[in-house]
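Reviewing the structure listed below.
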Amino acid sequence: MSVIFISVMKLFLMILVGFIGRKSNVIDKQTTKGLSALLIKITLPVLIFASMQKEFAEELLSRSFIITGLSFGIYAVYFIIAIIIDKLLKGGNKDTGAYQFAILFSNVGFMGFPVLSSVFGDESIFYAAMFNIPFHFFVYTIGVYLMTRGHSDSTKFNLRLFFNPGVIATVLGFIFFYFSIKLPSIIYDPLKLIGNITIPMSMVTVGSMLTEIHHRELVAGWRVYFISFMRLIILPAIVFFFVRLFTDDPMMIYVPVVIAAMPVAVNAPLVAHEYNGNALLASRLMFISTLLSLFTLPIVLLILKMAI
């Protein structure tokens, strides 16, 4: 319990540093944007690639296929829940699309990978990278559709978005793993150090992002809290029972459940802004769920550790 609590508190203290830094103008909006781009395009892909520098083993290969298959199954469950949410909330197409997006996509890159690495070690990043493959596909297809549904005359999908650094790093890492290509230490060691930057930098960036929402607009509306409750508590429980139907391997249970327990994806306001969706609502969903995860995540991690 103490290990989990300390690990999570370290991450949230880093979020506080980012929040204070932005409030005190040490970090500005442009810097936050630059840090976000650096994380998504360089340090996180490097972290994923470095974590996949493992000796080839048939068992590890089969597990990677299993966890990717589990991910597609979990997204199928999410889709069903999102359809039910559409019927329950009746918030209008523009609003409901943001709520459904929040159900489908959690904050894997900025929080999921750092939390997994801190609590479960580098091995979890390998599984998380494989588990996250469907995310990159669905977020720029179904995710864009949901954000634009009912208020956009035409939705143009940019196929180049599928070839983003996270997907490329995962594919390259898997190829290197499959063919047992090991980088020399003079290359691997700097990559490892760069990847390690991801954890503190991502937390600081999230903290900075959380300052961009006006406090009066932040707390209004019960639907935001309902979706946050679903995202942080109900979905991890559903995912836990779902994956237990297929595997008893602890790591293949830890990774899907922890990712399910993450707050709403940072992509939510970014996609909403890019495709003229409800960016304010998406930002509120991200903020509230991230704030509440300070309390829910240690509980989920503790229960998960006790249950396995």
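The values are calculated or read from the model by the stated rules, or taken from the named source; none is laboratory data. A quick note: this is a predicted structure, and the numbers were derived from the prediction, not measured. Glycine gets a Cβ as well: all are built from the backbone with ideal geometry, and neighbour counts include every protein chain shown. The accessibility values were calculated without ligands, DNA or RNA, using every heavy atom of the protein model including side chains. Shrake-Rupley method; radii C 1.70, N 1.55, O 1.52, S 1.80 Å.
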Residues of the range 31-48 satisfying the condition of being at pLDDT below 90 and more than 17 Å from the chain's Cα centre (by Cα): Thr32, Lys33, Gly34
Positions within the range 25-34 being in a helix (DSSP H, G or I) and surrounded by 20 or more Cβ atoms within 10 Å (Cβ to Cβ), in sequence order: Thr32
Condition broken by Leu183, with the remaining ones in (1) assigned to a helix (DSSP H, G or I); (2) modelled with pLDDT of 90 or more; (3) surrounded by fewer than 18 Cβ atoms within 10 Å (Cβ to Cβ) satisfied: (1)
Segments classed as helices (runs of 4 or more DSSP H), wholly inside the range 227-308, with at least 1 members that are in contact with a strand residue (DSSP E or B) (Cβ under 9 Å, 6 or more places away or on another chain) and either crowded, with 24+ Cβ neighbours inside 10 Å or touching a residue at least 60 places away in the same chain (Cβ under 8 Å) (or both): 235-244, 250-260, 279-307
Within the range 38-58, considering residues that are assigned to a helix (DSSP H, G or I) and either closer than 14 Å to Met203 by Cα or acidic (Asp, Glu) (or both), the one most open to solvent (accessible area, probe 1.4 Å): Glu58
In the range 199-219, residue surrounded by the fewest Cβ atoms within 10 Å (Cβ to Cβ) [restricted to those that are in contact with a Leu (Cβ under 9 Å, 6 or more places away or on another chain), β-branched (Val, Ile, Thr) and at pLDDT below 85]: Ile213
Residue check for Phe110: modelled with pLDDT under 85 and within 20 Å of Ile259 (Cα to Cα): yes
Test result for Arg22, assigned to a helix (DSSP H, G or I), touching a Gly at 6+ places or on another chain (Cβ under 9 Å) and not aromatic (Phe, Trp, Tyr): yes
